[in-house]
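> First the structure, then my questions, so here it is.
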Amino acid sequence: MINLAVSGCQGRMGQRITALAAADKKTFKLSALLERPGSHGSVEGIAISTSNDALKGSDILIEFTTPDATMANLKACIKHKVKMVIGTTGLTDAQKKEIKKASSKIAIVFSSNMSIGVNVFFKVAEMISAKTPNSYEVDMVEAHHIHKKDAPSGTAKTIAEVIEAASKKKVKNIESIREGEIIGDHKVIFESPEDTILIFHHAKNRDIFVKGSLVAAKFLKGKTKGLFNMQDVLGLH
């Protein structure tokens, strides 16, 4: 049994994480629900807390919030020896270094995208990049809802990093679209004078990220420290 804490429990992601974790009573027991100051109420009989000291006694915290909230909760997790699954995007390089430093004390899964399908997408992009010649130019298009603040998306940046590491050349262009309530679309176009290779992922709803984060939480059971990503969780390396 995993004592699971959820940050941003009243947000779009947090509500679904809480609901799906509560439904899996064999694996998870909700132990803490965190929200921003001024929040109140309860979910599944657990009072919503505005203090991250409520994390004490939890095994793992799933974090899909803002960079500032994530960094504050990171410190609390170190203090209370709570492992983390971090899906927050828009983090600075300095904040990412803090997460890496923290992983010497607690186990952390940190990924720009928790979707199992997207992480398979990363692997396919890596394989194409490694096997195609330098005559291919690479363009990307990513689309999200109008509420998303960071652009390009964290997922798009990760795809670009994967492609550039495998091909040793820069992605030519990343186009970002913010429109309506798009959950997340990512398209990569490999273009040569002879042919075009296209890979595309469309998220139908947020449950793909929620289910991936719960798989990541299960992966952390038994881990004491270290920094992992979803490629580690899924054994795709």
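No value in this document is a laboratory result; all are computed from the given coordinates. Since the model is a prediction, treat every value here as computed from it, not as a measurement. When we count neighbours, we look across all protein chains shown, and the Cβ atoms used for this are built from the backbone with ideal geometry, even at glycine.
> Of the DSSP beta bridges with both residues in the range 116-202, give the percent that are antiparallel, rounding to the nearest 5.
Percent antiparallel among DSSP bridges in the range 116-202 is about 70.
> Output needed: percent of Cα pairs per 10 Å distance bin for the range 116-202, bins running from 0 to the one holding the longest distance.
Reading upward from the zero bin: 18, 51, 26, 5.
> OK, next. Sorting check: for 209-215, 222-228, 83-89, 100-106, which peptide has the highest mean count of neighbouring beta carbons within 10 Å, and how do the rest follow?
Ranked by mean Cβ neighbours within 10 Å, highest first: 83-89, 209-215, 100-106, 222-228.
> Another one. State to the nearest 20 debye the size of the charge dipole of the range 116-202 about its Cα centre, where the only charges are +1 on K and R beta carbons and -1 on D and E beta carbons.
The dipole of the range 116-202 has a size of about 300 debye.
> Still on this model: Of His145, Ser51, His186, which is farthest on the positive side of the dipole of the chain, counting Cα position, with +1 on Lys and Arg Cβ, -1 on Asp and Glu Cβ, and the Cα centre as origin?
Farthest towards the positive end: Ser51.
> Restricting to bridges with both residues inside the chain, how much of the DSSP beta-bridge set is antiparallel, in percent to the nearest 5?
Antiparallel bridges make up about 35 percent of those DSSP assigns within the chain.
> In addition: Figure the gain on full extension for Met1 and Ser39 (residue separation times 0.36 nm, minus the Cα-Cα span) and round it to one decimal in nm.
My answer for the length gained is 10.9 nm.
> Would you work out the relative contact order for the range 116-202, in percent, from Cα pairs under 8 angstrom that are 6 or more residues apart?
Reported relative contact order: 39 percent.
> Given the pairs Lys25/Lys83; Lys157/Lys187; Lys26/Lys218; Lys96/Lys148; Lys81/Lys225, which are separated by over 18 angstrom at their Cα positions?
Lys25/Lys83; Lys96/Lys148, as the Cα separations exceed 18 Å there.
> Using 0.36 nm per residue of separation minus the Cα-Cα distance, give me the extension gain between Ile183 and Leu236 in nm, one decimal.
The span from Ile183 to Leu236 would gain 16.6 nm if fully extended.
> If we count every other residue with Cβ under 12 angstrom of Thr65's Cβ, Lys/Arg +1 and Asp/Glu -1, where does the sum land?
So the surrounding residues net to -1.
> A further question follows. For a Förster distance of 35 Å, can you work out the FRET efficiency between the beta-carbons of Val215 and Ser176, rounded to the nearest 0.05?
Calculated transfer efficiency: 0.80.
> So how strong a dipole does the chain carry about its Cα centre when Lys and Arg Cβ are +1 and Asp and Glu Cβ are -1, to the nearest 20 debye?
1160
> Could you check the spin-label model distance between Asp53 and Lys223? Points 7 Å from the Cα along Cα→Cβ, value in nm.
For the pair Asp53/Lys223, the computed spacing is 2.9 nm.
> Among the complete DSSP H segments of the chain, which ones combine at least 18 Å of alpha-carbon extent along their axis with a mean Kyte-Doolittle hydropathy of -0.5 or more?
Taking the DSSP H segments of the chain (at least 18 Å long, mean hydropathy at least -0.5), we get 67-80, 116-131, 154-167, 207-220.
> Only bridges whose two residues both fall in the range 20-90 count here: according to DSSP, what percent of them are antiparallel, nearest 5?
25
> May I pose another question? Select one label from [x] 16.3, 46; [y] 18.4, 61; [z] 16.5, 52: the one whose number is Rg and Dmax of the Cα atoms in Å as derived from the coordinates shown.
The value matching this structure is [y].
> Pop a pseudo-label 7 angstrom from the Cα along the beta-carbon direction at both Lys81 and Gln15 and give the gap in nm to one decimal.
So the label points at Lys81 and Gln15 sit 3.7 nm apart.
> Residues of the range 1-42 with amide nitrogen under 14 Å from the 7 Å Cα-to-Cβ point of His145?
10-17
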